[in-house]
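The values are calculated or read from the model by the stated rules, or taken from the named source; none is laboratory data. Keep in mind that this is a model prediction, so the values were computed, not measured. Glycine gets a Cβ as well: all are built from the backbone with ideal geometry, and neighbour counts include every protein chain shown.
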Amino acid sequence: MSTATATETTTFASALNTAMSDAMEADDSVVVFGEDVGTLGGVFRITDGLTKRFGENRCFDTPLAESGIAGTAVGMAINGMRPVIEMQFDAFAYPALEQVFSHIAKMANRTRGRVRLPIVIRIPYGGGVGGVEHHCDSSEAYYAHTAGLKVFTPATVADAYLMLREAIDTEDPVVFFEPKKLYWSKAGEDLSALRQQYESSADTAEADSPRVGPTGNAKVVREGTDVSIISYGPSVSTVLKAAEAAAEDGISAEVLDLRSVVPFDEEALVTTVEKTGRAVVVAEAQGFVSVASEITARIQERCFHSLASPVLRVTGFDIPYPAPKLEEHHLPDVERILDTLDELQWED
Amino acid sequence: MDDPITSPEQGHQKAEQASRILETSRTFGISPEQYMLPAQQQIRMLDPDGSLVPEDQQGTGPGHEYPIPEDDVLLKAYTTLVAGRRINDQNYALVRQGRMAVYPSSHGQEACQVGAALCLGEGDWMFPTYRDSVAVISRGVDPLDVMVSFRGDWHCGYDPKVYRVGAMSTPLTTQLLHAVGVAHAAKLRGEDTVVLAMCGDGATSEGDFHEALNFAAVFEVPVVFFVQNNGYAISVPLSNQSAAPSLAHKAIGYGLAGEQVDGNDMVAVLATLRRAVHLARENSMPLLLEAVTYRMQAHTNADDETRYRDREEVEQWKRKDPLLRMQKFLTAKGLLDEAAETQIAAAAEEVAASLRQAMSAEPEEDPLEIFDHVYTEPTAQLSAQRAQLADELDRAHGEAWAGTEEGTR
């Protein structure tokens, strides 16, 4: 157990790790499995120590087959378990898509709610870490497009803990996207305090609740008046830096961290855009037919009369993820966000 | 010092499963290979004319011994077989009358269907495919609840947890992994649940078939993989699916035992399945059973079988019909007489009649239910879409038909 003092050394990775061990402690039916998650503790060490602490029946390595991991998770969930499965990398999760799309997403609906699958599929995703091909995809749109799945993606150390606890406790299947570039980011979070905060929070979406709940519960992480920048996951920290830089140029940007793509907090989106009258959507994934497209469409549908400027997007290019030495040209960065802010119509 | 050439390095140690197979094979006095490989010939107990095959010609031997089930079990199997055939034919007729959208018939495969249901205990699980309606009904699920999906009013009409029967799976072999997961969860809790995982011959080409057998062997879980090899995957014959000596031969590659049985021989199917379930439970390990049978009718009503097989072949298989064989056998055994036959036929007719009646009634679906089970709590977007549809229905059917207030209808 961590000590009660807040330090700057709490990493995103340790928050995820503690969330899992706390969930396993709280509920015997929580089991963790995947490739290299046992003895090794996962290639990113997110499951470090779980096998040692809870035994091989609770955290174990499977044969190297993602469909097998997802498919057996379905059976285990049917038979009373709460599986938390790890897909080693974003693109390595694709062999499991049939199980995810055809069963995990649809079982509750197929059986009229009689069989719910409380499965968490953890996926390290996104770029910015110099990863080779198949290690940097932003694949959230595939899952968000599939009805029946929830799609969470934390952007902060606190949310890493709080949202993973909630994902494990929810009766619906959750695809849990972990921005791998944030794994070793640190914050002055006290894990004991987070534990207390989570365990004392009701399963509702009151404004000050940390829970995603049924609404999505997006959070304004920076207040502003001139433009709303909507983002999630790995892009939020980049957006915050851009917002700081924009402030120096006299632009007051409000930043909305979606936290959850599904459920999608449309009301928070509408509130911020109606307040500022301008919107930019930032995400790493390719922009074409993306989560960013959906956000943009919703703003157009709901906030048309409040808009002083067209809604713009800053996303990855519509290309297969580039090789490590070229990724900096692909990923949305502070400069590209600032350029886009400049393109908004600022004259009244 | 160990010899680095001959001693296994860490990580290359022989899997525990292999030693478990070794132990089991030792109890039969045979080698692990002899245990894992199917017997020299298909296990068969009844000749096509229904007479008992002499013991030395049944294909059985050490490690491949299958005691003939007790008389009452055989009689129950026959009763269930007759009902199963009647259900198949009734559903075929209902499709022709337009009362059902589609029905993948297991006509000709009923021995496998009945065997699958009767080999399991109450606490065991079954994971069927879309062609296994008769197996699901034989396990006790209300026929109407099974037909809901083919009538087209919902995807699955029964509660899988009540009957311990998975929702009939359409994506091939995906359900085999669910079976492994169910068995694994049971094993972790110290329960001795056996899971029967069903698929067809074409499905053995799918990747999940491989993954399921491998996971089951590595996890050492009691899953009986039951392949109904009916010769065709829609139109494509087995020769296009596999170059293995038999589908049962696939077992040894994963470290589990395989067996091939005459799938139109009710006695042999039941004997091999019961033995497989017993071994799986006793030793906590998976087995693979391939039943060689034949799909007597087209894949579904949408299929034209004359394009890929000739009548002659179908006629040949007619002579191996599982019902007639079992009927002749039980009659000769003195377990079946005309009076019993009449009673069994009447019971089957009753099932068919109630099915007919139920299917002739118009189902009362609630269009708004399509939003209700997607998530435990609807998202804001789904609530809005539900309200939109309710409004459309109100306008189409007169005010408040669907009701704008939740729960009105």
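Can you name the helices (runs of 4 or more DSSP H) wholly within region B:136-194 that have at least 3 residues being at the interface with chain A (Cβ under 9 Å from one of its Cβ atoms) and modelled with pLDDT of 95 or more?
Numbers: elements: B:143-151, B:160-163, B:174-188.
Those helices (runs of 4 or more DSSP H) span B:160-163, B:174-188.
Taking region A:78-182 as the region of interest, the helices (runs of 4 or more DSSP H) fully inside it that hold 3 or more residues being modelled with pLDDT of 95 or more and within 14 Å of chain B (Cβ to nearest Cβ) are A:107-110, A:157-169. Within region B:220-232, one or more residues are over 14 Å from the mean Cα position of the chain (by Cα), buried (at least 23 other Cβ atoms within 10 Å of the Cβ) and at pLDDT 95 or above. Show the residue pairs meeting these rules: Cβ distance below 6 Å; 6+ apart or different chains; first residue within region A:113-129 and crowded, with 20+ Cβ neighbours inside 10 Å; second residue in a strand (DSSP E or B) and among the aliphatic types (A, V, I, L, M). Partner pairs satisfying both residue conditions: A:V120/A:V84; A:V120/A:V174; A:I121/A:I85; A:I121/A:V175.
Screening A:V43 on (1) assigned to a loop (DSSP other than H, G, I, E, B); (2) buried (at least 20 other Cβ atoms within 10 Å of the Cβ); (3) hydrophobic (A, V, I, L, M, F, W, C) shows it passes everything except condition (2).
Do we find that A:A253 is more than 26 Å from A:I78 (Cα to Cα), modelled with pLDDT of 95 or more and in contact with a strand residue (DSSP E or B) (Cβ under 9 Å, 6 or more places away or on another chain) in this structure? Spelling it out, A:A253 is indeed more than 26 Å from A:I78 (Cα to Cα), modelled with pLDDT of 95 or more and in contact with a strand residue (DSSP E or B) (Cβ under 9 Å, 6 or more places away or on another chain).
Residues of region A:27-67 that are within 23 Å of the chain's Cα centre (by Cα) and more than 14 Å from chain B (Cβ to nearest Cβ): A:V37, A:G41, A:G42, A:V43, A:F44, A:R45, A:I46, A:T47, A:D48, A:L50.
Among the criteria (1) in contact with a Gly (Cβ under 8 Å, 6 or more places away or on another chain); (2) of a type in the set (S, T, Y); (3) part of a helix (DSSP H, G or I); (4) more than 11 Å from chain B (Cβ to nearest Cβ), the one A:T18 does not fulfil is (1). Here B:S239 clears all of (1) within 10 Å of chain A (Cβ to nearest Cβ); (2) more than 19 Å from the chain's Cα centre (by Cα) except the condition numbered (1). When region B:106-127 is examined, which residues are found to be more than 14 Å from chain A (Cβ to nearest Cβ) and crowded, with 24+ Cβ neighbours inside 10 Å? Hits for region B:106-127 are B:S106, B:G108, B:Q109, B:E110, B:A111, B:C112, B:Q113, B:V114, B:G115, B:A116, B:A117, B:C119. Regarding A:A243, is this residue in the same structural domain as A:Q300 (by TED's automatic domain parsing), modelled with pLDDT of 95 or more, crowded, with 20+ Cβ neighbours inside 10 Å and in contact with a helix residue (DSSP H, G or I) (Cβ under 6 Å, 6 or more places away or on another chain)? Taking the combined requirement at face value, the residue does not satisfy it. Give the residues of region A:275-324 that are of a type in the set (G, A, S) and part of a helix (DSSP H, G or I), sorted by residue number. Those that are of a type in the set (G, A, S) and part of a helix (DSSP H, G or I): A:A292, A:S293, A:A297, A:S306.
Against the test of being within 14 Å of chain B (Cβ to nearest Cβ) and surrounded by fewer than 22 Cβ atoms within 10 Å (Cβ to Cβ), the options A:G213, A:G224 yield a single qualifying residue, A:G213.
Scanning region A:268-290 for residues that are out of contact with any strand residue (DSSP E or B) (no Cβ under 8 Å at 6 or more places or on another chain) and of a type in the set (V, I, T), we see that the one that is surrounded by the fewest Cβ atoms within 10 Å (Cβ to Cβ) is A:V289.
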